[in-house]
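First comes the structure, then the notes that go with it.
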Amino acid sequence: MNPNKNAQLNETHDPLLTSWVASANTGTTDFPIQNLPLCVFRRRGSAQAFRGGVAIGDQIVDLALFENALDGADDAARSAASLGARDKLNALMDAGPQAWSALRLALSRLLRLDAAPRPELLVPQVEAEYAVPAQIGDYTDFYTSIHHATAVGKLFRPDNPLLPNYKWVPIGYHGRSSTIGISGDSFRRPRGQVRSGSDAEPSFGPSRRLDYELEVGIFVGGGNAQGEPIAAADAERHVFGLCLLNDWSARDLQAWEYQPLGPFLSKNFASTISPWIVTLEALAPYRAPWQRDAADPQPLPYLDYADLRGAGGFDIELEVLLETETMRREGMAPARLSQSNFRHSYWTVAQLLAHHTINGCAMRPGDLLGSGTQSGPEAEEAGSLLELTVGGKQPLTLPNGEQRVFLEDGDRIVMRGWAKQTGRPRIGFGEVAGTVLAAR
Ligand code: CA
């Protein structure tokens, strides 16, 4: 299917593998034995230290216990498990692809149906709470969906929707890591300056155009020294894995502040990520060709590489759901707002890392890159309310009759992601959920 990536498949991807953890074998779980995503967790409400864990079905393998269960049989795996047992995954991220792969293989072998069950290594996910899995030194947000860039550009600049640099440069800006939270967090509606078109002067108050952005988060593994760019062909060896990212955005603050230097306070009040990081090794069978219209410029040489066109993308389905306070009170399931796919991205993960470092910028283990809002080519595949409501002009009607243009206090946004391919199990990202509280 993806010939360039078949070389990366190994026994851990065998679609026939099942686990002695029965909940991993349901066919509907996000976490079959072929996935094995990582998190940082502890028992909910306890004073335990946070430590690394790996999802299997509805359980977590406690890496602090797993390390001791390896009995020195495999030094590379034991060493990786030891790094993963810390309260942040940065040291494991820094250890590189061979260490990540050794850990994955050891986990896969220990969890297989034909291995001796070790239930004492497990913590049920329902009894766990999670933390941001890395000390995120720097956070950069990109803008890789041309469909999002065009739709938003039309709203902000009707005469000039897509700026001429878009098809040449992976556009991004430096965000802040200090307000990145973990799924389940809530945050207060931001306040700030806004000016609508007819007003002579700005006013100050709570944002009235609060939005979400459906993004993929990219955790950097091993970094690079300042002045030594990461080559595009080598870039994926520097990527630890992917998660889900909701980049909450205040559109009214954004419209007033974004020129000339880009987003600032409209973006850095809260961003929320899923607890689980799905490794690139787990995603190897779910790669997608990268395509560029013949009419568009082809990437400059530093953004081109051998695997780009064959399998540079990721076939990851993404969806956004909304649960209002009323729906929650009445016990209604969240309503789906849209569905999209990461394969539509105009730039690949490897291109983002190659571009980010081409000037000599240093990346460090645990740095986070945001993909930018992943809107698909169809209007209903938009990854933000700004697009779905056409700038707030066309309200959405929810299944219970409520309407939304932008988010209201009490609204909870849930994002999910998963990858599937014929003949292989579906692997999922879990979810990222976050709730809007009233402004202070
Ligand atoms: Ca964003």
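The values are calculated or read from the model by the stated rules, or taken from the named source; none is laboratory data. Everything quoted here is computed from the prediction, not taken from an experiment. With ideal geometry, Cβ positions are generated from the backbone for all residues, glycine too; neighbour counts draw on all protein chains shown. Accessible surface is based on the protein model in full, side chains and every heavy atom, while ligands, DNA and RNA are left aside. Shrake-Rupley method; radii C 1.70, N 1.55, O 1.52, S 1.80 Å.
Heavy-atom accessible surface of residue 293, to the nearest 10 Å², is about 100 Å², with a 1.4 Å probe and all protein chains retained. Computed over protein heavy atoms with a 1.4 angstrom probe, the accessible surface ordering of 212, 302, largest first, is 302, 212. Of all lysines in the structure, the ones whose alpha carbon falls short of 22 Å from that of residue 420, not counting any fewer than 8 places away in one chain, are 5.
Taking 26 Å as the straight-line reach from the Cα of residue 267, the lysines in range (excluding those fewer than 8 positions away in the same chain) are 88, 154, 167, 393. Simple rule: put +1 on each Lys or Arg Cβ and -1 on each Asp or Glu Cβ in the chain, find the dipole, and look at 298, 160, 53; the Cα lying farthest toward the positive end is 160. Here the contact order of segment 45-192, divided by its residue count and restricted to Cα pairs under 8 Å and six or more residues apart, works out to 20 percent.
Selection among 192, 97, 170 by position relative to the dipole of segment 46-198 gives 192 as farthest towards the positive end (Cβ unit charges, Cα centre).
For segment 366-440, what is the charge dipole size about the Cα centre, in debye to the nearest 20, if Lys and Arg each add +1 at the Cβ and Asp and Glu each add -1 at the Cβ?
On the way: 8 positive and 10 negative charges, 59 e Å.
My answer is approximately 280 debye.
Along its first, second and third principal axes, ordered by size, the chain spans 72, 55, 39 Å in Cα coordinates.
How do 346, 143 rank by accessible surface area computed with a 1.4 Å probe, from largest to smallest? Display every interim value, and only then the final one.
Details: 346 20, 143 70 Å².
The most accessible residue leads, giving 143, 346.
Ordered by solvent-accessible area of protein heavy atoms (1.4 Å probe), largest first, the residues 431, 330, 236 come out as 330, 431, 236. Taking all protein chains together and rolling a 1.4 Å probe, residue 123 ends up with roughly 10 Å² accessible.
Determine the relative contact order of segment 228-370: mean sequence separation of Cα pairs under 8 Å and six or more apart, normalised by residue count, in whole percent.
Numbers: 183 pairs, mean separation 44.0, N = 143.
About 31 percent, as a whole number.
Dipole magnitude for the chain: computed about the Cα centre from +1 point charges on Lys and Arg Cβ and -1 point charges on Asp and Glu Cβ, it is near 380 debye. Summed over the residues of segment 354-440 and divided among them, the accessible surface reaches 38 Å² per residue at a probe radius of 1.4 Å. Among the protein heavy atoms of the chain, carbon and sulfur supply 51% of the accessible surface, probe 1.4 Å, non-protein parts ignored. Karplus-based coupling profile of segment 129-145, in residue order and whole Hz: 10, 10, 10, 3, x, 9, 6, 8, x, 9, 10, 10, 10, 9, 8, 8, 8, with θ = phi - 60° in 6.51 cos²θ - 1.76 cosθ + 1.60 and x standing for Gly or Pro.
Note down the relative contact order for the chain as a percent, whole number, built from C-alpha pairs under 8 angstrom at least six residues apart. Please report the intermediate quantities before stating the final value.
Details: 1066 pairs, mean separation 92.4, N = 440.
Once normalised by length, the contact order is 21 percent.
Couplings for segment 204-211, taken from phi via the Karplus curve 6.51 cos²θ - 1.76 cosθ + 1.60 with θ = phi - 60°, read 10, x, x, 4, 10, 10, 7, 9 Hz in order; Gly and Pro are left as x. The local environment of residue 11, defined by Cβ-Cβ distances under 11 Å, has a net charge of +2 under the rule Lys, Arg +1 and Asp, Glu -1. Averaging Cα coordinates gives a centre for segment 362-392 and one for segment 30-94; these two points are 30 Å apart.
Taking only DSSP H segments of four or more residues, each worth -39500 (n - 2.57), what value at 222 nm results for the chain once the sum is divided by all its residues, to the nearest 500 deg cm²/dmol?
On the way: 12 runs with 86 residues, N = 440.
Theoretical 222 nm ellipticity from helices: -5000 deg cm²/dmol.
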